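As structure tokens, the structure follows; a few thoughts come after it.
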Amino acid sequence: MWPLLITSIVTLAVVMERLFFVIVEKWKRNREVVEKVLTMVQHGDFVAARKVASEHRDIVARILAEGLEHRDSFVSAMLYAANQELRRFSRGLSVLDTAITLAPLLGLLGTVTGLIRAFSFLGTQELGAPTAITGGIAEALIATAFGLSIAIMALIPFNYLNSILEEARHEIESATTQLELLLVGSPQAKKE
């Protein structure tokens, strides 16, 4: 049962930290800034667009700022910045994925050890001591239920956090593609 308890504590800590991260990131989001930056680039005001993008804490704006900062290799700069941001979003997901897989297995291990303990009483005790046997069976069932509970409770936030990651990836790809199209098609971008 100790491994299950440790798994549940680690899982809860990761879920709480990731949910706090998502709340903070959603609070920082400012889609109007991204639209403003793209409009400025469309009008050829690259310096002001870079300044506006770099002053905001929006993840997409920061990535666009990297692209505008390094216009000679803007695709690579935005790709690097996007990977750094997406790494922040995916932190902890592997821990949750492991907990979802590990918790039921630990529960099954608890089931097996509980049943072994229950049946070992059969060899050493009289058949008139059913409480020793039922105690082992109860331990086995509790371990299974606890392992499954951890996995179920970790699965919901895991899927939610994956959807947030995919949403961020989509927004980043959309904005960086728009900026790339504007910079490639702009003769002013090549002059500066």
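When segment 52-91 is filtered for residues that are among the basic types (K, R) and more than 17 Å from K36 (Cα to Cα), the ones remaining, listed by number, are R71, R87, R88, R91.
Scanning segment 109-132 for residues that are exposed (fewer than 15 other Cβ atoms within 10 Å of the Cβ) and at pLDDT 70 or above yields V112, I116, F119, S120.
The values are calculated or read from the model by the stated rules, or taken from the named source; none is laboratory data. All figures in this text were calculated on a predicted structure; none of them were measured in a lab. When we count neighbours, we look across all protein chains shown, and the Cβ atoms used for this are built from the backbone with ideal geometry, even at glycine.
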